[in-house]
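Novice: I am attaching a structure below and will ask some questions about it afterwards.
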Amino acid sequence: MSVEPDADPDAHAGPAGTPDHPGAPATKPAAQRGRRSLQAAAGLGVALVLAGAITTAALVTGTDERSSVAERPGSGSAGTATVHKSAPPALYPGMPHTSVSVAPGSCGKGWTKPRAGVQVFDLHNTAASGSEVYLIDPRTGKVFGEVEGLAPGTSRPMLVDLGSGSYRFRCLQEDTDAITGPTVVVPGDRPQGPASLPVTQHDVIPPTLGYQEWIGTRMSDLVEATAKLRADIDDGDLAAARRDWLSAHLVYERMGAAYGTFGDADGAINGTAARTPDAVRDPGFTGFHRIEYGLWHGESAASLRTHAAKLDTDVRALRTTWTQARMDPADLGLRAHEIIENTEQFELTGRTDYGSGTNLATARANIDGTREILRRLDTLLAPRDPDLARLNAALDRAQAALDAQNHHGTWTPLGKLTHNQRQRINADFGDLLEQLAPVAAIFDIRRTA
């Protein structure tokens, strides 16, 4: 999973299988690209819209407009929408609107005529500091709606779908304890709309530590695999090197959630070349893809020994430093989405093919990496995502589509796929990416006190 700064999604591979990348060598951590595109889900002005099958839309302020991370269509899980400091008063015309105060002394005041159904709460922050606002079930703490980063003196709408039951607004001003408003009872017998239990920093520490330990065990596999690749090249056996290059590379690709913690080591081990014609000759282009280029473009074993030695050294150094590394627990849920997002952007477009034609093998390894994260998060995710079965089915479909292109260890290059095969794989990954978006939203860390 290799990422370039500000990569152009429309770029294509060069005629010899070498990506046509302009600019300087790309050495940014692989996770960074996905993190930028998922800011809406990661907590930078997020509103959780728990409105069943309602499609969420970006909220527009003046000329500032951003796309939302789309809600899973027809699902009961949380969708996300980008929000800004204020919103036009005409937003959601025709829907019932209720003005609600957000301040330590008046949290939730104004909601005096409770009703069931789809509706909008126009939240107004009268305090002197910013606030997060949740609409919760006072008994279970489940969140039905959320607005973050509500600045002083501004208003913002919260779109919700409410059933019968009890609700409270929880207002969390900056640097103060949470304040809960009065309990409001929605009458009738309508089933409650979608909701999600909040995930706290404490919740995600154990799975993060478990995943970090798992990465530590994979490091030894990676060191062993790269040492074998180096030995092949030192012995001049390039046929064995081409075989063992893929094995080693796939070990690395399965560790997708850790790339952000690898720091600069990721660029050295798995970075891509710049988009200038001779960029593959740049001394800053190192690691797996530099060796790949040489192995599949007729370079001699002697010319590749230095690159193999550097990769071996860099991998061993990463194993050593990993014992002191600390992953951010807040990132783990987001990484599941990022891995597949980067797969779609870079592997399924051939941007990281330097001659081996093994992008589909890398995509398959990325699915393994995503499954490992979800396995660690399953205890937390299962009670929060009612569509988890659909997510697992999407993983199975994407995996099966890729496995069909594995012919006893020889993978179909992207350019050899039929039109229907290419469409099927693209569609399966597009669906999988959509199914994973709520995971990123669910694991956005929320204050509860």
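Novice: Tabulate in residue order the Karplus-calculated ³J(HN,Hα) for the range 254-259, using 6.51 cos²θ - 1.76 cosθ + 1.60 with θ = phi - 60°, rounded to whole Hz; enter x for Gly and Pro.
Specialist: Using θ = phi - 60°, the values come out as 6, 9, x, 6, 9, 4 Hz.
Novice: Something else about it: Within 11 Å, Cβ to Cβ, of Leu197, how many net charges do the neighbouring residues add up to if Lys/Arg are +1 and Asp/Glu are -1? List each step's numbers first, then the result.
Specialist: On the way: positive: Lys142, Arg384, Arg446; negative: Asp137, Asp203, Asp385.
Neighbourhood net charge equals 0.
Novice: Below 12 angstrom from the Cβ of Arg305, what's the summed charge of the other residues (Lys, Arg +1; Asp, Glu -1)?
Specialist: So the surrounding residues net to -3.
Novice: Using the alpha carbons of the range 137-238, what is the convex hull volume per residue in cubic angstrom, as a whole number? Walk me through the intermediate numbers first.
Specialist: Details: hull volume 24.3 nm³, N = 102.
Dividing the Cα hull volume of the range 137-238 by its residues yields 238 Å³.
Novice: DSSP loop (so not H, G, I, E, B), at most 11 other Cβ within 10 Å: list which chymotrypsin sites (Phe, Trp or Tyr not before Pro) in the range 314-383 pass both filters. Let's see the in-between values first.
Specialist: Values: sites: Trp322, Phe346, Tyr354; in loops: Tyr354.
Loop-located and lightly packed - none at all.
Novice: Using only protein heavy atoms and a 1.4 Å probe, report how much of Leu380 is accessible, in Å² to the nearest 10.
Specialist: Spelled out: Leu380, probe radius 1.4 Å, area about 30 Å².
Novice: Let me check I've understood the local charge: for Met95, count other residues with C-beta under 14 angstrom from its C-beta, Lys and Arg +1, Asp and Glu -1. What total comes out? Could you put the intermediate results ahead of the total?
Specialist: Values: positive: Arg115; negative: Asp122, Asp161.
Combined, the nearby Lys, Arg, Asp and Glu give -1.
Novice: Using the heavy atoms of the protein chains and a 1.4 angstrom probe, tell me the accessible area per residue for the range 384-439 in square angstrom. All intermediate terms of the calculation are to be shown ahead of the outcome.
Specialist: Working: 2750 Å² over 56 residues.
Heavy-atom accessible area per residue stands at 49 Å².
Novice: Relative to the compact globular guide of 2.2 N^0.38 Å, what is the alpha carbon radius of gyration of the range 264-420, as a ratio? Before the final figure, lay out each step's value.
Specialist: On the way: Rg = 18.1 Å, N = 157, 2.2 N^0.38 = 15.0 Å.
Against the compact-globule rule of thumb, the ratio is 1.20.
Novice: So for His97, His419, what's the accessible-area order with a 1.4 Å probe, most first?
Specialist: Values: His97 70, His419 130 Å².
The most accessible residue leads, giving His419, His97.
Novice: Using θ = phi - 60° and the Karplus curve 6.51 cos²θ - 1.76 cosθ + 1.60, what whole-Hz ³J(HN,Hα) does each residue of the range 269-275 get, with Gly and Pro shown as x?
Specialist: In residue order, the calculated couplings are 8, 9, x, 10, 7, 6, 9 Hz.
The values are calculated or read from the model by the stated rules, or taken from the named source; none is laboratory data. Bear in mind that the values here come from a model prediction, so they are computed numbers and not experimental data. Every residue, glycine as well, gets a Cβ built from its backbone with ideal geometry; the counts of neighbours run over all protein chains shown. Calculation scope for accessible area: heavy atoms of the full protein, side chains included, ligands and nucleic acids excluded. Shrake-Rupley method; radii C 1.70, N 1.55, O 1.52, S 1.80 Å.
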